[in-house]
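What follows is a short report on a single structure.
The values are calculated or read from the model by the stated rules, or taken from the named source; none is laboratory data. On a predicted model such as this, the values are computed, not experimentally measured, just so you know. Every residue, glycine as well, gets a Cβ built from its backbone with ideal geometry; the counts of neighbours run over all protein chains shown.
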Amino acid sequence: MTTKKGIFQAAIAQAEATANAERQEAEGYVLYKYNDYETYRRVQQDGNKAKLGAQYVQKGHVFFLAGYLERELGAVRFGLCHGVRRGKEQGWFRRRLKGAEVIGTDISETATQFPNTVQWDFHDPNPEWAGRADFVYTNSWDHAFDPERAFNAWVDALRPGGLLLLDHTPGHVPRSASALDPFGATEAALEGMLTRACGARGQVVGWLDRSGDTDYPARVVVFRRNP
């Protein structure tokens with residue numbers, strides 16, 4: 001029986017063979033550069049299919065975040081989850097946030113196989129979502145080939161006062177970056193890049209500490225769009 005770790009390692013090996021990506025290091029982060037966009041897209045789609053049966057984020061974590069959103073925002077009407085593969089995340093948000101419309105995205109065409117999931121490259125702003133979302137959530141920011149472009153697209157979707165939630169786990173640090181997960185950053189580097197890219201439209205308001213959780217240890221950076 002193949003373990004989740006084995007599935008991930010096989011997907012990374014396949015990506016390394018396909019991508020021929022250049023590893024670039026900077027203060028606090030690593031970013032892999034692809035020769036062209038089509039290579040990036042193919043690598044991500046192949047990786048999605050290889051890991052389609054695996055689930056990283058856990059229900060308890062999503063329920064925790066949903067409770068936080070209700071406390072901070074009151075009624076939540078619309079949200080986005082990026083890089084969801086099978087769509088578990090938005091399903092859990094919908095279950096916990098009664099009546100909320102929560103849509104998931106993935107770059108792979110497999111997205112349309114799952115409820116409330118659309119095929120979309122999360123680097124690109126969507127005019128239909130602009131200024132509407134009470135929240136945007138992802139643990140897949142490490143799949144960004146251009147992090148600042150992605151951050152701007154996510155903040156663009158937020159309504160005034162809306163919240164962007166980005167998980168940071170041991171799988172997101174620089175040493176974990178690869179041709180499949182091209183961006184890895186320390187907490188400080190992630191916060192700094194987010195502030196640099198989107199600081200004119202909002203600010204980081206803190207971190208949620210879930211590092212002691214046994215199922216999914218994580219810390220979550222919270223960015224609030226200006227009112």
When you check R71 against the structure, is it more than 13 Å from L165 (Cα to Cα), of a type outside the set (V, I, T) and surrounded by fewer than 17 Cβ atoms within 10 Å (Cβ to Cβ), yes or no? yes
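Would you check if E70 is of a type in the set (D, E, K, R) and within 21 Å of V221 (Cβ to Cβ)? Write out each step before concluding.
Details: of a type in the set (D, E, K, R): yes; within 21 Å of V221 (Cβ to Cβ): yes.
Taking the combined requirement at face value, the residue satisfies it.
If you take the residues in region 63-81 that are touching a strand residue (DSSP E or B) at 6+ places or on another chain (Cβ under 8 Å) and part of a helix (DSSP H, G or I), which one is farthest from P227 (Cα to Cα)?
Quick first cut of region 63-81, residues touching a strand residue (DSSP E or B) at 6+ places or on another chain (Cβ under 8 Å) only: 64-65, 68-69, 72-73, 76-81.
If we keep only those that are part of a helix (DSSP H, G or I) as well, we get 64-65, 68-69, 72-73.
Numbers: F64: 24, L65: 21, Y68: 19, L69: 16, E72: 13, L73: 12 Å.
Step by step, filter region 63-81, then rank; the result is F64.
Looking at region 106-133 only, could you name the residues that are part of a strand (DSSP E or B) and within 24 Å of Y216 (Cα to Cα)?
First, the residues of region 106-133 that are part of a strand (DSSP E or B): 106, 117-119, 133.
Within region 106-133, D106, T117 qualify.
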Residue check, A179 against (1) at pLDDT 95 or above; (2) surrounded by 16 or more Cβ atoms within 10 Å (Cβ to Cβ); (3) farther than 21 Å from G162 by Cβ, all met but one. Which one? (1)
Verdict on F145 being touching a His at 6+ places or on another chain (Cβ under 6 Å), crowded, with 16+ Cβ neighbours inside 10 Å and assigned to a loop (DSSP other than H, G, I, E, B): no
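Determine whether region 32-45 contains at least one residue that is over 21 Å from A144 (Cβ atoms) and at pLDDT below 95.
First, pick out the residues of region 32-45 that are over 21 Å from A144 (Cβ atoms): none.
No.
Considering only region 36-46, state which residues are surrounded by 11 or more Cβ atoms within 10 Å (Cβ to Cβ) and among the charged types (D, E, K, R).
Within region 36-46, the subset surrounded by 11 or more Cβ atoms within 10 Å (Cβ to Cβ) is 37, 39-46.
Matches in region 36-46: R41, R42, D46.
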May I ask you to list pairs of residues, at least six apart or on different chains, whose Cβ atoms are under 8 Å apart, with the first in region 82-102 being on the phi > 0 side of the Ramachandran plot and the second being in a helix (DSSP H, G or I) and surrounded by fewer than 19 Cβ atoms within 10 Å (Cβ to Cβ)? R85/T110
Among what's in region 47-60 and is more than 14 Å from the chain's Cα centre (by Cα) and part of a helix (DSSP H, G or I), pick the residue that is surrounded by the most Cβ atoms within 10 Å (Cβ to Cβ). G47
Go through (1) among the charged types (D, E, K, R); (2) buried (at least 17 other Cβ atoms within 10 Å of the Cβ); (3) touching an Asp or Glu at 6+ places or on another chain (Cβ under 6 Å) for K33 and report which single condition fails. (2)
Taking first residues from region 202-216 that are more than 17 Å from V57 (Cβ to Cβ) and in contact (Cβ under 8 Å) with a residue 60 or more places away in the chain and second residues anywhere that are crowded, with 16+ Cβ neighbours inside 10 Å and of a type in the set (A, V, I, L, M, F, W, C), the pairs with Cβ under 6 Å that are 6 or more apart or on different chains are none
